[in-house]
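Quick notes on the structure that follows.
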Amino acid sequence: MRVRAFMAGLATMAMLAGCGGLEAQSSGPKTSKADSASVSDARKKLAKLSVKGRAPKTGFDRDEFGSAWSDVDHNGCDTRNDILKRDLDNEKFKSGTHDCIVLSGTLKDPYSGKTIDFKRGQDTSTAVQIDHLIPLSDAWQKGAQQWSATKRKEFANDPLNLMAVDGPLNGQKSDSDAATWLPPRKAYRCTYIARQIDVKAKYEVWVTSAEKDAMKTILDGC
């Protein structure tokens, strides 16, 4: 289980470094009662983000960010399975895959607060999906068009920008930003926004004025 420990540690360190101690969401839903220092840190990062309008979506394609769920860290598992291993509890793995392919597990969904049973299968896998906190299409319209292919692939597979969540809610979110969609579970919104800001700061993804206002409103209530 060295890979699981590494992934969990990576996500935790990224959150602590980027959100000033806000709770990392790696194994289940937690309330996001951020202290004043961590909220201040998120505000400072938000203030430094460039504010621009959306660029046209012209040319966007999922393949512009590399093939889906690559094994970018060369640990033998694709990114989707890495995130499932990190975020699910009570996992069971396909035999002969060195604990790589997750067959089942339990998700404590951060977006809804529900407990969801995951079971791999054509008709069941979609109950739990891997969300890009900053959707690829949204990033494309806010700077990613100008990135190298290598940077886009890194962004699409960065554990900081990925989280296992309720499938229908992920579909509802689609490529929305904070101005048009927030997790229905209000207790998670502070952490959600702080982590979005952390990802945007890391990759220099800009925000729209409406998005910035929405993020500031959430932080003001933390």
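Bear in mind that the values in this text are calculations on the coordinates, not laboratory data. All figures in this text were calculated on a predicted structure; none of them were measured in a lab. Note: ideal-geometry Cβ built from the backbone for every residue, glycine included; neighbour counts use all protein chains shown.
Couple of notes before you dig in:
- When the C-alpha to C-alpha distance is required to be over 24 Å, the pairs from K119/K151; K57/K153; K173/K200; K45/K108; K52/K186 that qualify are K119/K151; K45/K108; K52/K186.
- FRET efficiency for E204 and H74, using Cβ-Cβ distance with R0 set to 25 Å, rounded to 0.05: 0.45
- Each peptide in 84-92, 212-220, 157-165 receives the mean, over its residues, of other Cβ atoms within 10 Å, and ordering these scores from highest gives 157-165, 84-92, 212-220.
- Near the amide H of L103, within less than 5 Å, lie the amide hydrogens of K92, F93, K94, all on another chain or at least 5 residues away, with H placed in the peptide plane.
- Label zone at D63, where the point sits 7 Å out along the Cα-to-Cβ direction: the range 142-173 residues whose backbone N lies under 17 Å: 149-150, 152-153
- Computed over neighbours whose Cβ is under 15 Å from that of V128, the net charge equals 0, Lys and Arg +1, Asp and Glu -1.
- Gain in span if fully extended, S148 to A47, counting 0.36 nm per residue against the direct Cα distance: 33.8 nm
- Cα gyration tensor, the range 166-218 - rounded (a/c under 1.5), prolate or oblate: prolate
- Percent of Cα pairs exceeding the 20 Å cut-off, where the set is the range 66-222: 52
- Rounded D (µm²/s) - the range 112-162, Kirkwood Rh over Cα pairs, Stokes-Einstein at 10 °C, 1.306 mPa s: 123
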